[in-house]
Amino acid sequence: MFRACYSHTADALRWNLHGRLAGPWVDVMRLCWKEARERTPIVRAIVDLEEITFIDQAGERLLAEMRAAGVELIATGVEHQHLLAMLDNHLTEGRDK
């Protein structure tokens, strides 16, 4: 199960994600994110991962794309903090090449 709650304020686009960012839900989230960014490309984007229970490899790739595009990812748990550190390492390695 996956649920994304979206809000748009004057200064930010925000998604609060719940459940499993996996399988077909990754493509749904990617589409929602890209459509929102096309409508308001300059506004800050935030994705809150606090209620995510599972992320598959496709979900990790999506989060890496979002992070590389400047999206702020919010995470609290140890697993999510580890994921963000891995994403940051991949971004840094990509810039060094």
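Taken together, the values in this text are just the output of simple stated rules run on the coordinates, not laboratory data. Small disclaimer: the values here were computed from a predicted structure and weren't measured.
If you run the Gaussian network model on the chain, springs between alpha carbon atoms under 10 Å, then out of Arg61, Arg20, Arg39 the most flexible one is Arg39. Taking every DSSP bridge with both residues inside the chain, close to 35 percent are antiparallel. Mean sequence separation of contacting Cα pairs (under 8 Å, at least six apart), scaled by the length of the chain, corresponds to a relative contact order of 27 percent. Segment Ile74..Gln57, full-extension length gain: 4.3 nm, with 0.36 nm per residue of separation and the alpha-carbon distance subtracted. In this entry, the chain is assigned a mean projected area of 6.1 nm², taken as a quarter of its C-alpha convex hull surface.
Estimated at 0.36 nm per residue, the fully extended path between Met1 and Ile42 surpasses their Cα-Cα distance by 11.7 nm. Distance from the alpha carbon centroid of region 1-43 to that of region 58-90 works out to 14 angstrom. Taking each residue as 0.36 nm, the span from Glu50 to Glu35 lengthens on full extension beyond its C-alpha to C-alpha distance by 3.1 nm.
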